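Working notes, structure below.
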Amino acid sequence: MAGKTSSKSAQAAKPVLLAGGNPRIAKAQGEAPVQAYIAAMPGWKSEVGRRLDTLITQTIPGVRKAVKWNSPLYGVDGQGWFLGMHCVTNYVKVAFFRGMSLHPVPPGESKSKDTRYFHIHEGEPIDEAQFAAWVEQASRLPGERM
């Protein structure tokens, strides 16, 4: 009987995956909810999430983190959020909220006039130097207030 209770508790603790495999994580501030999101990213996407989180943290020491709307957000205190991450079916989508002001502009278009996306597909190498440059630039711009 105790084995069943433990098994049910473990299953209850595992985050639900929404459309496209995006983890459902409760809205919260800080490192813990972002790491819970990354751990719950399915398959190869979790490693991409870990690598992106490491690059962001190394590039912007003391970066502010939160999960809102089932997406990790990264920002600078007093400036708002400059970047968000989201799982979709075939890739990890990184949103630079002021992406049109970055050089070079990230390749993915958005319905928002300022936002640009960077998509990472399975097996594609990440140009870490370019990604870090975008993160550094984005962190200096006024962020989104969410």
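All of the numbers you see were taken from the coordinates with simple rules; none came from a lab. Here the structure is a predicted model, which is why all the values come from computation and not from measurement. Virtual Cβ from ideal backbone geometry, glycine too; neighbours counted across all protein chains shown.
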Summing -39500 (n - 2.57) over the DSSP H runs of n ≥ 4 in the chain and dividing by its residue number, what mean residue ellipticity at 222 nm do you reach, to the nearest 500 deg cm²/dmol?
-10500 deg cm²/dmol
Picking from 112, 75, 18, whose Cα lies most toward the positive end of the charge dipole for the chain (charges on Cβ: Lys, Arg +1; Asp, Glu -1)?
18
For segment 28-139, compute the number of Lys pairs whose alpha carbons are separated by less than 18 Å, excluding pairs fewer than 8 positions apart on the same chain.
5
Between the Cα axis of helix 2-13 and the main Cα principal axis of the chain, the angle (0 to 90°, nearest 10) is 20
Going fewest to most other Cβ atoms within 10 Å around each Cβ, 88, 48 line up as 88, 48
Just grab the label-to-label distance for residue 121 and residue 133, each label 7 Å out from Cα along the Cβ direction, in nm (one decimal).
2.3
Rounding to the nearest 20 debye, state how big the charge dipole of the chain is about its Cα centre with +1 on each Lys and Arg Cβ and -1 on each Asp and Glu Cβ.
680
